[in-house]
Amino acid sequence: MKLKEKSFFGSVTHVVLTSLAVALAVAMVAYASTTISTDISTDGNLTVTGTSGLTGVVTITGAVKAYSGLTVGTGTTVNTLDGTILFKAQTSDPTGVTEGTLYYNSTSKVLKLFDGTNWFTTGTTTSGISLSGARLQLADLATQYLALGTTTQQGLSMVTLEATSTAAIPLSLVARNSQTADILDVLSAGSAKLLYINASGGLFGSSTLQVTGAVTTYGATTLGDAAGDTVTLTGNASALGTLNVTGLTTLGFASTSALSLNGTTANLMVNGMATTTASTGDFGTMGKIGAGTTTPTTLELSAEGSATTTIGAFSTTALTGGCIQLEATDGNMYRMYLNATDVATTTSTGHQGIVAIWELGSCK
């Protein structure tokens, strides 16, 4: 009886020692290197300590949580910083990729995203758009540009705004309530104003204004701000309403149905040709005056017409009559006019007329 008991306990001891040895051997092999050729299924957590290498496509159905850094791509550097992702660097845009692919470009120092057609920068350190404090700017002005509503840069413009539809407005500038500063400033390199819009919507420029098409103004228009300013019209000027000119106005060829000059010293000076049907004030010209013709003769004043009366002299005062005044070589003025009591005479041709008499004095 005692021999059998000894044999039983010996067998049990042998089994236990053998099991421990096998378990220890398996543990040592698993710690060094483990290759699993079939699926791993666990109802709990799978904890891996150290670096894990997975070859081939890894499909994860549930959520993935990394308690250390995550490394994307092959390389000698392993990211162990908690909460960060390390991308394998690429020197140029990869080809044959799918929309949604993201990578790090080591040449431009940017993160780039593929939209199915083109690569676009999504994050940057030294190029593209950078944020410095409260300032958003293009980091490299020599190569970068900003395009909104389009991917095409217009010429060498640093900023291109393009409407995305016929109803879209490319740019809107909204003033603040009770705005006092300018709404828009275009400045020179020395910060001088070249063109600006003030708080009231007034447009001001410091250089020449050239307009190819028609210009329509619905309010008063002031040309020049001083009496000595020169306003030059090299083309045609057409005024449907009142045209008020304060400074000197030079007209090459002016055509109007009504030209009015107001003021005690309002003179109309014409150096070329003037066509007008009514004018008030003085009229003077350095050239010839032709009445009834556009080609005056060599005379300073000439009149042409198909009627028998070529020149008429009248007075607006009742029964005063017309008067002609000439300056004599001695500097005195002589006048000729007709009175109702002047004596008629008969000429050699039999026509009856009045004897013309010149007398000393000026026309009244």
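Read the figures in this text as sums done on the coordinates, not as results from a lab. Quick caveat: nothing in here was measured; it's all calculated off a predicted structure. No Cβ is skipped: glycine too gets one built from the backbone with ideal geometry, and neighbour counts run over all protein chains shown.
Quick notes
- Burial ordering of VAL355, VAL231, fewest other beta-carbon atoms within 10 Å first: VAL355, VAL231
- Nonlocal amide H pairs with LEU146, under 5 Å, H built at 1.01 Å: VAL159, THR160
- Near the amide H of ASN79, within less than 5 Å, lie the amide hydrogens of THR71, all on another chain or at least 5 residues away, with H placed in the peptide plane.
- Computed from the C-beta positions of ILE311 and LEU209 and an R0 of 35 Å, the FRET efficiency is 0.15 to the nearest 0.05.
- Net lengthening on full extension, SER200/ARG176 (0.36 nm per residue, minus Cα-Cα): 7.5 nm
- Here the gap between GLN325 and LEU161, fully extended at 0.36 nm per residue and compared with their Cα-Cα distance, gives a gain of 51.8 nm.
- Between ASN339 and SER106, residue separation times 0.36 nm minus the direct Cα-Cα distance comes to 72.9 nm.
- Label point distance in nm, THR217-THR121, each placed 7 Å from Cα along Cα→Cβ: 4.6
- For GLY123, net neighbour charge (Lys/Arg +1, Asp/Glu -1) across residues whose Cβ lies under 14 Å away: +2
- Summed residue charge, Cβ within 13 Å of CYS323's Cβ, Lys/Arg positive, Asp/Glu negative: +1
- Note on LYS109: aspartates and glutamates with a C-alpha under 17 Å away, same-chain residues under 8 apart excluded, are ASP93, ASP140.
- The residues packed around THR297, meaning those with a beta-carbon under 15 Å from its beta-carbon, carry a net charge of -1 if Lys and Arg are +1 and Asp and Glu are -1.
- Estimated FRET transfer efficiency (VAL72, SER41; beta-carbon r; R0 30 Å; 0.05): 0.70
- Projected label distance in nm at THR84 and ILE357, using a 7 Å step from Cα toward the beta-carbon: 12.3
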